[in-house]
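If you scroll down you'll find the structure; I have some questions about it.
The values are calculated or read from the model by the stated rules, or taken from the named source; none is laboratory data. Please read all numbers here as calculations on a predicted model, not as lab measurements. Cβ: placed from backbone, ideal geometry, glycine included. Neighbour counts: every protein chain shown. All accessible areas refer to the heavy atoms of the entire protein, side chains included, with ligands and DNA or RNA removed. Shrake-Rupley method; radii C 1.70, N 1.55, O 1.52, S 1.80 Å.
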Amino acid sequence: MAAAWALPNVAATVVWQWLFQPGYGVVNWLLTQLGFGDLTQHDWTTTPLSAFTLVWLLVVWQSVPFVALTLYAGLSQIPRSYYEAAALDGAGAWRTHLTITFPFLRPILGLVTILSIIWDFTVFNQIWILTQGGPNQGTTTLGIWTFTRAFSRNDFGGGAAIAVVS
C-alpha cells in the first residue's frame, strides 16, 4: 500500500497509464473478464468524465497511504484505558467510537483534510502526463491552465497572473 506513496508521481502515473492502456491494460482486461462488455480497446481519456475519473482515482490512490498511516499513528496514541472505561460503563462500539475515537482523531482528520486539499490543488504531473488537460479541457485545473497559457500561447504575463491568484 505504501508503494503508491513512495513512488515518484511521474513513475506512478506511467504505471497508471499502463494499467488503463487500451489493448493491453490490466484494468480493461479485468473489466472485460468480469462481464462489463468488451473493454479491451476502451480509451479512458477520450471523454471528459472518464478522463477526470481516471485522474481522480490516480490522485486518491496516491494519497491513501499517507492518510492511512497518519490515521493509524493517531489511533495508536489514544490511551487504551479510555476504551476500558467505556467498556466498563457498558458503551457499545458505536458509542465508543463517537465519544473516544472520533474526538481524538478530529485534529488529525482536519490536518489530513487541509493537506489533501492543498496537494490536490497543486496536482500537475499526473494530469499533464495522462490527459494534458483534455479532452475538451475536461481535466484542466489552474496549474494546467497556467502552464498552457504561459508556455503554449507564450503569454507569460497571463500565466504568471493565474499562478499568483491561485
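Tally the residues that are more than 30 Å from THR141 (Cα to Cα), in a helix (DSSP H, G or I) and aliphatic (A, V, I, L, M), restricting the search to region 67-120.
10
Take the conditions closer than 19 Å to ASN9 by Cβ and either more than 16 Å from the chain's Cα centre (by Cα) or open to solvent by 50 Å² or more (accessible area, probe 1.4 Å) (or both) and apply them to ILE118. Does it pass?
Yes, satisfied.
Let me ask another. Filter region 95-114 for residues that are touching a residue at least 12 places away in the same chain (Cβ under 8 Å) and under 16 Å from ALA68 (Cα atoms) and give the result.
THR101, PHE104, LEU105, ILE108, LEU109, LEU111, VAL112
Taking region 135-151 on its own, how many of its residues are surrounded by fewer than 19 Cβ atoms within 10 Å (Cβ to Cβ) and more than 23 Å from ASP43 (Cβ to Cβ)?
Number of matching residues: 4.
Now for a separate question. Of all residues in region 87-103, which are under 29 Å from the mean Cα position of the chain (by Cα), closer than 20 Å to SER76 by Cβ and open to solvent by 60 Å² or more (accessible area, probe 1.4 Å)?
Those that are under 29 Å from the mean Cα position of the chain (by Cα), closer than 20 Å to SER76 by Cβ and open to solvent by 60 Å² or more (accessible area, probe 1.4 Å): HIS97, LEU98, PHE102.
Considering only residues of region 25-65 that are aliphatic (A, V, I, L, M) and part of a loop (DSSP other than H, G, I, E, B), which is least open to solvent (accessible area, probe 1.4 Å)?
LEU39
For region 126-136, indicate whether the set of residues that are assigned to a loop (DSSP other than H, G, I, E, B) and within 30 Å of GLY74 (Cβ to Cβ) is non-empty.
Within region 126-136, none of the residues are assigned to a loop (DSSP other than H, G, I, E, B) and within 30 Å of GLY74 (Cβ to Cβ).
Considering only region 14-51, how many residues are within 21 Å of the chain's Cα centre (by Cα) and at positive phi?
Counting residues in region 14-51 that are within 21 Å of the chain's Cα centre (by Cα) and at positive phi gives 0.
Right, next: From the set of residues in region 104-115 that are open to solvent by 70 Å² or more (accessible area, probe 1.4 Å) and more than 28 Å from VAL55 (Cβ to Cβ), which is farthest from the chain's Cα centre (by Cα)?
Top of the filtered list is PHE104.
Another question, if that's okay. Going through region 10-44 one residue at a time, which ones are under 17 Å from GLN62 (Cβ atoms), among the small types (Gly, Ala, Ser) and in contact (Cβ under 8 Å) with a residue 12 or more places away in the chain?
ALA12
If you scan region 45-94, which residues turn out to be closer than 22 Å to ASP120 by Cβ, of a type in the set (Ser, Thr, Tyr) and in contact (Cβ under 8 Å) with a residue 12 or more places away in the chain?
Hits for region 45-94 are THR45, THR47, SER63, THR70.
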